[in-house]
Amino acid sequence: MHLTSLLAMPFDFLPTTPVQYVTRRLFQRLLEAHPDLFDRLGEHRRCRFSFTPTDLPLIFLVEPEGPSLSLKRKGAIVSADAGVEAPLVMLLALLEGRCDGDALFFSRDLQVTGDMEAILALRNALDDCDIDLPRDLSQLGGPVASLVAKFTTEIRCRALKEMV
């Protein structure tokens, strides 16, 4: 599922500060839910990883050693040791281990650049974490966490059906 240009358009005009605030908060919550997320990276923990959604004008830069996440606009100079490029839904499905990264790579639905060993180490680390974004992030909803979980689970189900 690709975000339509109409849905992605606000990202062309929004300042990156509020978007970066939200993504950093989500990243922090994910790290709280999975504190050992980057443990299996070994020497690759010092690598910088870029994740570029093909359907958004943004680049997410993750530095496991910090750990930190920063947001850049496409076209900005980004220094990364390894990078992954795919539609946003596919990147999120890979994060959760809901799709086969090898198959997506060989079918060219997913592009990988840079240090392949680092990407494989990251994939192995993610495989061990049992990430479930609706479950993990719904806690940010406070008293309506169960509604947030149901809503985001439904969105994920629909997006994954469209991806297949």
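Values in this text are rule-based calculations from the coordinates and carry no lab data. Not measured: the values here are computed from a predicted model. Cβ coordinates were reconstructed from backbone atoms using ideal geometry, including for glycine residues, and neighbour counts include every protein chain displayed.
Phi-derived couplings, Karplus 6.51 cos²θ - 1.76 cosθ + 1.60 at θ = phi - 60°, listed residue by residue for the range 120-128: 5, 5, 5, 4, 5, 5, 5, 4, 7 Hz, with x used for Gly and Pro. Think of the range 5-131 as having a plus end and a minus end, set by charges on the Cβ of Lys, Arg, Asp and Glu; of Pro87, Asn124, Cys99, Pro87 sits farthest toward the positive end of this dipole.
Modelled this way, with points 7 Å down the Cα-to-C-beta line, the labels at Glu65 and Asp127 are 2.6 nm from one another.
Can you tell me, using C-alpha contacts under 8 Å and at least 6 residues apart, the relative contact order of the chain as a whole percent? Mind showing how you got there, number by number?
Numbers: 217 pairs, mean separation 38.7, N = 164.
That works out to 24 percent.
Between Pro87, Pro143, Pro67, the residue with the greatest mean-square fluctuation in the GNM of the chain (Cα pairs under 10 Å linked by springs) is Pro143.
By DSSP, what percent of the beta bridges with both residues in the chain are antiparallel, rounded to the nearest 5?
Given both bridge residues lie in the chain, the antiparallel proportion sits at roughly 70 percent.
Shape class of the chain from the Cα gyration tensor (axes a ≥ b ≥ c, square roots of the eigenvalues): rounded, since a/c falls below 1.5. Under the rule a/c < 1.5 gives rounded, and otherwise a/b versus b/c splits prolate from oblate, where does the range 37-108 land using the Cα gyration tensor? It comes out oblate by the Cα gyration axes. Peptides 29-40, 68-79 ranked from most to least packed by the mean count of surrounding Cβ atoms within 10 Å: 29-40, 68-79.
Under the rule of -39500 (n - 2.57) per DSSP H run of 4 or more residues, summed and divided by the residues of the chain, what mean residue ellipticity at 222 nm is obtained, to the nearest 500 deg cm²/dmol?
On the way: 8 runs with 78 residues, N = 164.
Result for the chain, helices only: -14000 deg cm²/dmol.
Residues in the range 55-63 carry Karplus couplings, in order, of 9, 9, x, 10, 10, 9, 10, 10, 10 Hz; the curve used is 6.51 cos²θ - 1.76 cosθ + 1.60 with θ = phi - 60°, and Gly or Pro positions show x.
Note on the range 125-164 and the range 24-55: Cα centroid distance 17 Å, given to the nearest whole angstrom.
With a sphere of radius 13 Å drawn around the Cβ of Ala159, what net charge do the other residues whose Cβ falls strictly inside it have (Lys, Arg +1; Asp, Glu -1)? Overall, the nearby charge balance is 0.
The label point for Arg25 and the one for Phe151, both projected 7 Å from the Cα toward the Cβ, are 1.3 nm apart.
Taking other residues whose beta carbon is less than 11 angstrom from the beta carbon of Thr113, and scoring Lys, Arg as +1 and Asp, Glu as -1, yields -3.
Sparse packing (at most 10 other Cβ atoms within 10 Å of the Cβ) combined with a DSSP loop state is found for the following trypsin sites (Lys or Arg not before Pro) in the range 75-164: Arg108.
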